[in-house]
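Notes follow once the structure below has been shown.
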Amino acid sequence: MEELADYYPYGKLSFADPIKKFKDYSISNKDKKILRELAKRKAEIAELPIHKEKIKFWKNLNSLKEVRPLVWVNEIPWHEMNVGDELTLKTGTEFSKFLETRLRRTIYQWEHMRVDMVVEPTIPCYLVVNDTGFGISEQVKISKTDEISDIYSREFRPQIEKEEDIEKIKNPKVSFDKKATDEMFCSMLDIVDGILKVEKRGIPGFWFAPWDELIRWWGVEKALTDLILIPDLVHKTIERLVSAYISGLNQYENLNLLALNNCNYRIGSGGLGYTDEIPKKCYSPDNIKTSDLWGCAAAQIFSNVSPKMHDEFALQYELKWLKRFGLNYYGCCEPLDKKIEILRKIPNLRKISMSSWANLELGASNIGKDYVFSYKPSPSIFTDNLWDSESVKDNFTKNLKKIKNCTVEILMKDISTVNYKPERLWEWAKMAIEVVERL
């Protein structure tokens with residue numbers, strides 16, 4: 001299956017982002033022919049025996065067994081990647097373009113930067129879910145440097161400034177749109193029948209980062225200073241928001257809208273979720289529970305907040321969510337090298353993000369073999385006017401040697417730009433695999 005990055009640029013599904021719903025799921029004969037040819041190419045790739053080997057690698061990594069570092073590329077600036085019309089869409093309707101985009105990107109990534117990706121002979125049809133979100137949306141000023149990019153800067157206008165404002169945060173209301181789901185499923189079956197298996201699936205987990213959400217309503221600088229100036233208001237607000245998250249999670253579980261994510265699906269801000277450790281043998285495939293899934297959490301805004309304050313204002317509330325899941329991933333861009341001890345409180349913790357701002361030696365010393373070291377090299381290497389491949393290789397090799405005693409996955413992500421030179425990312429992917437296989 002493909003992960004939710006096929007639906008969202010960063011593959012991070014929150015309650016405010018239900019599965020995309022289309023007005024029309026019909027496909028013309030012309031569009032169907034185009035999509036079937038792309039599906040055939042994906043099926044050819046999926047038949048290669050290397051994918052079974054890669055799945056075994058990911059399972060070993062996620063079980064903390066001996067395995068070489070695994071590499072994956074995600075969060076790609078697709079608007080800069082089109083070469084030779086490989087990503088040029090040729091279908092006509094919104095729905096057909098959606099399917100075409102998914103197929104073309106999978107094929108493109110396999111051709112140019114496959115690293116340890118897995119391609120399976122399937123295509124997911126996720127349940128269409130209506131979700132009202134939290135009743136409050138960001139008020140923001142946007143600044144762009146590239147008009148065709150979906151990556152931009154935002155200046156948030158505070159909406160929570162006093163205790164009464166907490167009431168603006170509502171519990172989400174979740175419902176299943178069976179009609180739209182069935183229409184999409186039937187259309188996809190008609191298109192790729194006999195080529196790819198169409199899998200009707202629930203939602204395979206959520207991106208849980210309440211502080212990512214809260215700063216959109218509070219403002220970044222104000223939120224951080226208010227940890228000291230008005231801590232009681234901060235505590236009450238984050239407690240209310242996490243309560244709303246859990247209310248939504250309960251609805252997804254009770255409505256049987258969840259799906260397993262121990263498969264070809266991105267976990268948190270890390271790699272693929274293949275594992276035999278979850279779900280447990282006693283689980284019901286017709287009634288998936290949160291305990292059958294990987295969970296995740298992050299508090300990226302707390303990069304420069306002390307471990308004590310991180311624990312007080314973030315982790316103690318995130319634990320209410322994380323305790324529900326069978327395995328857990330923690331972190332994203334925030335450096336966590338000095339916070340491993342507080343993270344040990346997380347039940348079933350298996351992976352910890354080590355961003356490009358982390359001290360690798362310290363992180364490796366504190367993590368050891370206890371968790372997967374989810375290493376995020378800096379994507380800034382792609383932005384320079386001059387590309388020095390030997391220097392990039394040398395730095396990458398040196399950094400890997402610093403964490404050689406850990407169980408490591410390597411995620412090249414957060415790639416805002418490659419300076420419109422996609423071959424740089426191709427070259428990095430080729431180099432990364434060569435280095436990890438040699439080391």
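The values are calculated or read from the model by the stated rules, or taken from the named source; none is laboratory data. These numbers come from a predicted model, not from an experiment. When we count neighbours, we look across all protein chains shown, and the Cβ atoms used for this are built from the backbone with ideal geometry, even at glycine.
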| query | So, in segment 285-311, of the ones that are part of a helix (DSSP H, G or I) and in contact (Cβ under 8 Å) with a residue 40 or more places away in the chain, which residue ends up farthest from the chain's Cα centre (by Cα)? | reply | M309
| Looking only at segment 87-128, and only at residues there that are among the aromatic types (F, W, Y) and assigned to a helix (DSSP H, G or I), the one that is nearest to D182 (Cα to Cα) | F95
| Residue tally, condition in a helix (DSSP H, G or I) and either within 23 Å of the chain's Cα centre (by Cα) or within 20 Å of N264 (Cβ to Cβ) (or both), over segment 18-56 | 16
| message | Scan segment 171-190 and tell me whether some residue there is of a type in the set (V, I, T), at pLDDT 95 or above and surrounded by 16 or more Cβ atoms within 10 Å (Cβ to Cβ). | response | yes
| Of all residues in segment 67-95 being acidic (D, E) and without any contact (Cβ under 8 Å) to a residue 40 or more places away in the chain, the one that is farthest from T275 (Cα to Cα) | D85
| task | Go through segment 249-284 and give me each residue that's free of Cβ contacts under 8 Å to residues at least 60 places away in the same chain, out of contact with any Gly (no Cβ under 8 Å at 6 or more places or on another chain) and closer than 17 Å to Y126 by Cβ. | result | E253, L260
| query | Checking W426 against (1) assigned to a loop (DSSP other than H, G, I, E, B); (2) touching a residue at least 60 places away in the same chain (Cβ under 8 Å); (3) of a type in the set (F, W, Y), which single condition isn't satisfied? | reply | (1)
| task | Could you list all residues from segment 56-67 that are surrounded by 17 or more Cβ atoms within 10 Å (Cβ to Cβ) and not aromatic (F, W, Y)? | result | K59, N60, L61, N62, V67
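Per-residue answers, yes or no, for (1) within 17 Å of C333 (Cβ to Cβ); (2) not in a loop (DSSP other than H, G, I, E, B):
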{"site": "K351", "(1), (2)": "yes, yes"}
{"site": "S356", "(1), (2)": "yes, no"}
{"site": "G363", "(1), (2)": "yes, yes"}
{"site": "N385", "(1), (2)": "no, no"}
{"site": "V408", "(1), (2)": "no, yes"}
{"site": "V418", "(1), (2)": "no, no"}
| remark: Among residues of segment 350-359 being within 22 Å of the chain's Cα centre (by Cα) and surrounded by fewer than 21 Cβ atoms within 10 Å (Cβ to Cβ), the residue farthest from P279 (Cα to Cα) is W357
| task | Any residue in segment 51-64 that's more than 18 Å from N348 (Cα to Cα): show its pairings with residues that are of a type in the set (D, E) and surrounded by 18 or more Cβ atoms within 10 Å (Cβ to Cβ) at Cβ separation under 6 Å, as long as the two are six or more apart or on different chains. | result | K54/D116
| query | Assuming W387 fulfils every condition listed in (1) farther than 15 Å from V115 by Cβ; (2) in contact (Cβ under 8 Å) with a residue 60 or more places away in the chain apart from one, which condition is it? | reply | (2)
| In segment 75-85, what residues are assigned to a loop (DSSP other than H, G, I, E, B), under 25 Å from S380 (Cα atoms) and modelled with pLDDT of 95 or more? | E75, I76, P77, M81, N82
| field | Hey, M412 buried (at least 21 other Cβ atoms within 10 Å of the Cβ), among the aliphatic types (A, V, I, L, M), in contact with a helix residue (DSSP H, G or I) (Cβ under 7 Å, 6 or more places away or on another chain) and under 19 Å from W72 (Cβ atoms) or not | value | yes
| message | Among the residues of segment 64-111, what is the count of those that are among the polar types (S, T, N, Q), more than 20 Å from the chain's Cα centre (by Cα) and farther than 22 Å from K30 by Cα? | response | 1
| query | Right, L233: out of contact with any Gly (no Cβ under 7 Å at 6 or more places or on another chain) and either crowded, with 19+ Cβ neighbours inside 10 Å or hydrophobic (A, V, I, L, M, F, W, C) (or both) or not? | reply | yes
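Is it the case that some residue within segment 317-338 is part of a loop (DSSP other than H, G, I, E, B), among the acidic types (D, E) and surrounded by fewer than 17 Cβ atoms within 10 Å (Cβ to Cβ)?
Going residue by residue through segment 317-338, those that are part of a loop (DSSP other than H, G, I, E, B) are 323-326, 331-338.
Subset that is among the acidic types (D, E): 334, 337.
Next cut, surrounded by fewer than 17 Cβ atoms within 10 Å (Cβ to Cβ) only: none.
Checking segment 317-338: not a single residue is part of a loop (DSSP other than H, G, I, E, B), among the acidic types (D, E) and surrounded by fewer than 17 Cβ atoms within 10 Å (Cβ to Cβ).
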| message | Of the conditions (1) among the acidic types (D, E); (2) within 24 Å of N254 (Cβ to Cβ); (3) assigned to a helix (DSSP H, G or I); (4) within 24 Å of the chain's Cα centre (by Cα), D212 satisfies every one except a single condition; which number is it? | response | (2)
